[in-house]
Amino acid sequence: MFKSFFRQAQTPGKIIFFAVRAALLAAVLYALRASVFSGGKIELKSLCYFTIQSNLLVAASLALSLLPFDSGAKTKLAGFALPAITLTCLVYNLALYQIWRDFGGAGYSLARTITHVVSPLGFIFVWAAFEKHGSFRWKDVFIWAAYPLAYGAVSAAVSLKYGASLYFFTDPAKGARGLLKWLGLLAAGVMLICLIFIAVDKKLSKSGKKRA
């Protein structure tokens, strides 16, 4: 199996494919290590952040994609990670910060820039440029959206119960009604992101068939 893989990889396109994915994986792992470890120990609280969780999904998807076998699990994990890491990018760069104004400041250290900018944009590029397309289904939107929505719901519940929140949009001061409104907006946004990726996948699949 491995000999066959390396024989097939001896083309410029496949070498570039492998190198780009490996480089992105190395960058994401570096940023995760810098974000999660402190004094040689894991900061458990950091694992509660959606940024860390979505980047772990990206790292797992990239690592799986480098293995020398074809599997539907690769496509499924990539599809699951795409909306999550896109949400991380949009919320951080447009809501928590404004990247056009704040880039270069404390919110954009090397590790944070990787997890909130390089990882999302790089992963989307790798998926669009190197993945086989046409396997996403419209019903996948419910599977992909389940994780961000569950995270939002749990965050809101914890916020109300303990009076503390990791993010400003789950601030307990908003009250139950305010948090429900936020969850509604989150649901609409996540569903839209998922639908866009499925539509793009179908479009790229058609374009690839025409070129073939």
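The values are calculated or read from the model by the stated rules, or taken from the named source; none is laboratory data. Note that the structure is a prediction, hence the values are computed from the model and not measured. Cβ placement follows ideal geometry from the backbone for every residue including glycine, while neighbour counts extend to all protein chains displayed.
With the structure loaded, tell me whether Leu62 is part of a helix (DSSP H, G or I), farther than 15 Å from Ile198 by Cα and modelled with pLDDT under 95 or whether it fails that test. It is false that Leu62 is part of a helix (DSSP H, G or I), farther than 15 Å from Ile198 by Cα and modelled with pLDDT under 95.
The condition (being among the hydroxyl-bearing types (Ser, Thr, Tyr), part of a helix (DSSP H, G or I) and under 23 Å from Lys74 (Cβ atoms)) is satisfied by just one residue among Ser155, Ser159, Ser205: Ser205. A count restricted to the stretch 99-133 and to residues that are farther than 26 Å from Val200 by Cβ and surrounded by fewer than 13 Cβ atoms within 10 Å (Cβ to Cβ) stands at 5.
Of all residues in the stretch 43-64, those satisfying the criterion of being surrounded by fewer than 19 Cβ atoms within 10 Å (Cβ to Cβ) and of a type outside the set (A, V, I, L, M, F, W, C) are Glu43, Lys45, Ser46, Tyr49, Gln53. Checking each residue in the stretch 47-85 for being of a type in the set (Lys, Arg) and within 14 Å of the chain's Cα centre (by Cα) picks out only Lys76. Tally time: how many residues in the stretch 125-144 are closer than 10 Å to Thr75 by Cα and without any contact (Cβ under 8 Å) to a residue 24 or more places away in the chain? Result for the stretch 125-144: 0. Here Ala129 qualifies as out of contact with any helix residue (DSSP H, G or I) (no Cβ under 6 Å at 6 or more places or on another chain), in a helix (DSSP H, G or I) and under 22 Å from Ser71 (Cβ atoms). Against the test of being over 25 Å from Ala81 (Cα atoms), assigned by TED's automatic domain parsing to the domain that holds Trp144 and either of a type outside the set (Asp, Glu) or touching a helix residue (DSSP H, G or I) at 6+ places or on another chain (Cβ under 9 Å) (or both), the options Ala176, Ala188 yield a single qualifying residue, Ala176. Can you name the residue in the stretch 155-186 that is within 30 Å of Ala128 (Cα to Cα) and out of contact with any Pro (no Cβ under 9 Å at 6 or more places or on another chain) and is also surrounded by the most Cβ atoms within 10 Å (Cβ to Cβ) among such residues? Of everything passing the filter in the stretch 155-186, Leu183 is surrounded by the most Cβ atoms within 10 Å (Cβ to Cβ).
A Cβ distance below 6 Å, combined with a sequence gap of six or more or placement on separate chains, defines the contacts here; from the stretch 76-103, residues that are touching a residue at least 40 places away in the same chain (Cβ under 8 Å) and assigned by TED's automatic domain parsing to the domain that holds Ser65 reach residues that are of a type in the set (Ser, Thr, Tyr) and crowded, with 18+ Cβ neighbours inside 10 Å in the pairs Ala78/Ser61; Ala81/Ser61; Ala84/Ser54.
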